[in-house]
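**Q** Have a look at this one.
The values are calculated or read from the model by the stated rules, or taken from the named source; none is laboratory data. This is a predicted model, so every value here is computed, not measured. For neighbour counting, all protein chains shown are included, and Cβ atoms are generated from backbone atoms with ideal geometry for every residue, glycine included.
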Amino acid sequence: MKNISYISLALLAILNLYGCEDIGDPLVVTPQISYSSQIQPIFNQSCSCHLATPPQNNMNLSSYATLMAVPPDPQAPDHAPVVIPGEPDSSYLYRELTGDITPRMPFGGPYLTDEQINLFRQWIEQGALNN
């Protein structure tokens with residue numbers, strides 16, 4: 001019984017020394033954002049100019065493949081890549097949705113809700129997967 005007490009005290013001392021806050025909350029799990037069921041439907045509902053033929057400013061949002069293949073725009077050098085996996089704050093798409101780049105999209109509104117914008121942020125943070 002004494003061995004268990006010493007082990008417990010040693011463990012508590014280690015946790016105290018290195019800090020528990022760095023461990024994180026193991027019960028908090030961020031759900032995987034699905035491109036096909038959560039992101040593409042937002043494009044379909046809100047981004048008609050970029051679903052048209054030809055798409056506005058060559059930014060085709062009709063599929064994952066066309067989104068990820070948006071060509072550079074010589075008049076907007078930060079235009080491509082539109083999505084930088086893992087880096088929402090550097091991704092042109094995310095910056096347009098938040099209004100960090102003007103004009104804010106969807107052009108003229110209505111703009112996406114904070115919840116929808118957060119989905120884009122999480123999707124990009126999670127690697128902008130085609131799932």
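**Q** Do you know which residues across segment 97-131 are farther than 17 Å from residue 44 by Cα, part of a helix (DSSP H, G or I) and more than 10 Å from the chain's Cα centre (by Cα)?
**A** 98, 114
**Q** Output the number of residues of segment 79-114 satisfying the condition of being buried (at least 18 other Cβ atoms within 10 Å of the Cβ) and touching a residue at least 24 places away in the same chain (Cβ under 8 Å).
**A** Count: 8.
**Q** Taking the stated definitions as given, is residue 60 in contact (Cβ under 8 Å) with a residue 24 or more places away in the chain, part of a loop (DSSP other than H, G, I, E, B) and not hydrophobic (A, V, I, L, M, F, W, C)?
**A** Here the answer is no, as residue 60 does not meet what is asked.
**Q** Which condition breaks for residue 128 when tested against (1) at pLDDT 95 or above; (2) at negative phi?
**A** If we test residue 128 against (1) at pLDDT 95 or above; (2) at negative phi, just (2) comes out false.
**Q** What do you reckon, is residue 106 touching a Cys at 6+ places or on another chain (Cβ under 7 Å) and modelled with pLDDT of 95 or more?
**A** When the stated conditions are applied, residue 106 passes them.
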